[in-house]
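The values are calculated or read from the model by the stated rules, or taken from the named source; none is laboratory data. This one's a predicted model, so the numbers in the text were calculated from it and none came from an experiment. Cβ placement follows ideal geometry from the backbone for every residue including glycine, while neighbour counts extend to all protein chains displayed.
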Amino acid sequence: MKIYGVALLAFCFLTGKFIGNLLGVAIGINGDVGGVGFGMVLLIFVNGYMRKKGWLEPLTEKGILFWSAMYIPVVVAMSATQNVKAAISEGPIAIIVGVTVTLTGFFLVPLISKIGRKKQNN
């Protein structure tokens with residue numbers, strides 16, 4: 001059932017945000033540090049553990065898969081929006097670094113796509 005997917009997602013998200021806030025306090029930042037990432041990793045591990053123990057019925061597993069697929073784009077997009085707002089308010093260096101990293105990634109796509117490709121004999 002999809003409701004179990006929602007419950008697991010909510011548990012992982014809230015636990016991840018809690019861990020992220022604790023990490024932020026530990027390093028002296030007033031905010032969440034990696035809470036979304038912690039939640040995603042926790043969701044992967046809890047889902048795998050429940051599957052290994054045989055606690056997931058097929059309908060429950062489909063619900064968890066559905067909501068875990070929804071979790072990634074929605075929550076990451078929300079946190080990315082907050083990161084952009086924070087970066088713009090901190091000054092131009094964050095924008096310069098962000099643009100540089102993005103452009104470097106675009107230019108490296110052809111190189112990275114050749115990795116692992118078999119050579120063609122013509």
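What to note about this one:
- Hits in region 18-34 (condition: at pLDDT 85 or above and either buried (at least 18 other Cβ atoms within 10 Å of the Cβ) or within 17 Å of A69 (Cβ to Cβ) (or both)): I19, G20
- Condition met for S79 (modelled with pLDDT under 80, on the phi < 0 side of the Ramachandran plot and in a helix (DSSP H, G or I)): yes
- Scanning region 49-70 for residues that are in a loop (DSSP other than H, G, I, E, B) and either at pLDDT 80 or above or buried (at least 16 other Cβ atoms within 10 Å of the Cβ) (or both) turns up G54, W55, L56.
- Hits in region 92-122 (condition: modelled with pLDDT of 75 or more and of a type in the set (S, T, N, Q)): T100, T102, T104, S113
- Considering residues of region 1-17 that are buried (at least 16 other Cβ atoms within 10 Å of the Cβ), farther than 16 Å from M50 by Cα and not hydroxyl-bearing (S, T, Y) only, the residue modelled with the lowest pLDDT: F13
- Condition met for S89 (more than 16 Å from the chain's Cα centre (by Cα), of a type in the set (G, A, S), modelled with pLDDT of 75 or more and part of a helix (DSSP H, G or I)): no
- Inter-residue pairs, beta-carbon under 8 Å, first in contact (Cβ under 8 Å) with a residue 12 or more places away in the chain and in region 28-41, second outside any helix (DSSP H, G or I), 6+ apart: V33/I27
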